Amino acid sequence: MATRKHPLLIGIVGVVIALALFFVLVLSVSFFMARKGDILPSEKIGVVPVKGVITDAQSIIDQLRKFRKNQNIKAIVVRIDSPGGGVGPAQEIYREIKKIRQEKEVFASIGSIAASGGYYVACATSKIIANPGSITGSIGVIVEYANIEELMEKIGLKGVVIKSGKYKDILSPFREMSEEERDLIQNVTDSIHDQFISSVAEGRNLEKAQVAAIADGRIFTGLHAQEMGLVDAIGNFYDAIDIAAESVGITGEPEIVYPEKRLSLFDYLFEEVSQRWGQYLCFPYRFRYLSPLQPE
């Protein structure tokens, strides 16, 4: 009797149950589609994008490691569109690619630009494929800071620094840098530059002196870089895919697998802002592999 008196309630319950079942079905299908690359055997090539200024290596390294563990991924193509970035992140990615190459082939595809730290990453791969007009090279190190001492005096402000060591405010914007401090920074910069040259020479199988001769920050087109042994082949992204497929013995057209995107827009913006502010507030001066074409 009670159910006959409340047909609207029964209808609402039915709709809720139907929506719940539909939601479960959608989740199941989505999960299967996301996992089918790991479940269904086929010949695949994983693509790991390296885009923009390289400020953090973790997400790129995580994806590289995931593709390394996936037995269906026969080769990896690192698609680079980056003017460079932080020294540490570029070196971390370089090292991870070198380790992966002990098990799988890794190739670099240069889009519009892979300069400085972007080129550093490319040098770890088995082969580098670039467009004829791609911008690459810029083998060098840069550290910048602004001196606003005169501006502060004009507006009547004075910077106050309390420090625990002689060099703790070595790049303070409130005063001129001493010659001793400049020499210290130059020595560190030269050391990092030498590491860059050594990594390029190792990755490209070139003499260190040969790399050092052109490691003055200059940029090259893809064609020019190929002439100097900095690039292996000229071609676009799909040429790089074809080269990778042929190198690992894939017959026919390989399936291309991209990283899963799980971050929401809010998560992405929060992560980006926190990284930027953290870098400026906690470490206001940074040694960077960065092309002058696209300053940070």
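The values are calculated or read from the model by the stated rules, or taken from the named source; none is laboratory data. Note that the structure is predicted; figures quoted are calculated from it, not measured. Every residue, glycine among them, receives a Cβ derived from its backbone with ideal geometry; neighbour counts consider all protein chains shown.
Give me the residue from the stretch 106-125 that is in a helix (DSSP H, G or I) and not small (Gly, Ala, Ser) and, out of that set, nearest to residue 74 (Cα to Cα). My answer is 121.
Checked against (1) surrounded by fewer than 19 Cβ atoms within 10 Å (Cβ to Cβ); (2) not in a helix (DSSP H, G or I), residue 74 meets all criteria but (1). Within the stretch 273-287, is even one residue modelled with pLDDT of 55 or more, among the hydrophobic types (A, V, I, L, M, F, W, C) and in contact with a Ser or Thr (Cβ under 9 Å, 6 or more places away or on another chain)? No, the stretch 273-287 contains no residue that is modelled with pLDDT of 55 or more, among the hydrophobic types (A, V, I, L, M, F, W, C) and in contact with a Ser or Thr (Cβ under 9 Å, 6 or more places away or on another chain).
Yes/no matrix, rows are residues, columns are (1) over 26 Å from residue 217 (Cβ atoms); (2) of a type in the set (Lys, Arg):
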{"residue": "112", "(1), (2)": "no, no"}
{"residue": "122", "(1), (2)": "no, no"}
{"residue": "125", "(1), (2)": "no, no"}
{"residue": "133", "(1), (2)": "no, no"}
{"residue": "144", "(1), (2)": "no, no"}
{"residue": "149", "(1), (2)": "yes, no"}
{"residue": "152", "(1), (2)": "yes, no"}
{"residue": "168", "(1), (2)": "yes, yes"}
{"residue": "182", "(1), (2)": "no, yes"}
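Apart from one condition, residue 159 fits all of (1) over 20 Å from residue 216 (Cα atoms); (2) in a helix (DSSP H, G or I); the exception is (2). In the stretch 229-246, which residues are of a type outside the set (Gly, Ala, Ser), surrounded by 14 or more Cβ atoms within 10 Å (Cβ to Cβ) and over 20 Å from the mean Cα position of the chain (by Cα)? 232, 234, 239, 242, 243, listed by residue number. Inspect all residues belonging to the stretch 107-125 and state whether any of them is among the aliphatic types (A, V, I, L, M) and out of contact with any strand residue (DSSP E or B) (no Cβ under 7 Å at 6 or more places or on another chain). Within the stretch 107-125, one or more residues are among the aliphatic types (A, V, I, L, M) and out of contact with any strand residue (DSSP E or B) (no Cβ under 7 Å at 6 or more places or on another chain). The set of residues in the stretch 77-105 being of a type in the set (A, V, I, L, M) and either without any contact (Cβ under 8 Å) to a residue 40 or more places away in the chain or part of a loop (DSSP other than H, G, I, E, B) (or both) consists of 97, 100. Set side by side, the residues 149, 103, 153 differ, and just one is touching a Gly at 6+ places or on another chain (Cβ under 9 Å) and over 29 Å from residue 191 (Cα atoms), which is 149.
For the stretch 53-63, taking the residues that are free of Cβ contacts under 8 Å to residues at least 40 places away in the same chain and in contact with a helix residue (DSSP H, G or I) (Cβ under 7 Å, 6 or more places away or on another chain), the one that is farthest from residue 220 (Cα to Cα) is identified as 61. Please state which one of 226, 210 is modelled with pLDDT of 95 or more, in contact with a helix residue (DSSP H, G or I) (Cβ under 9 Å, 6 or more places away or on another chain), surrounded by 14 or more Cβ atoms within 10 Å (Cβ to Cβ) and of a type outside the set (A, V, I, L, M, F, W, C). Within the list 226, 210, the selection yields 210.
Whether a residue is farther than 30 Å from residue 47 by Cβ and among the basic types (Lys, Arg) was assessed, and residue 218 does not pass this test. Just one of the listed residues (128, 139) is crowded, with 24+ Cβ neighbours inside 10 Å, at pLDDT 95 or above and part of a strand (DSSP E or B), namely 128. Scanning the stretch 75-123 for residues being under 19 Å from residue 232 (Cβ atoms) and touching a Ser or Thr at 6+ places or on another chain (Cβ under 8 Å) gives a total of 25. When each of 194, 242, 169 is tested for being outside any helix (DSSP H, G or I) and either among the small types (Gly, Ala, Ser) or out of contact with any Asp or Glu (no Cβ under 7 Å at 6 or more places or on another chain) (or both), the lone residue that passes is 169.
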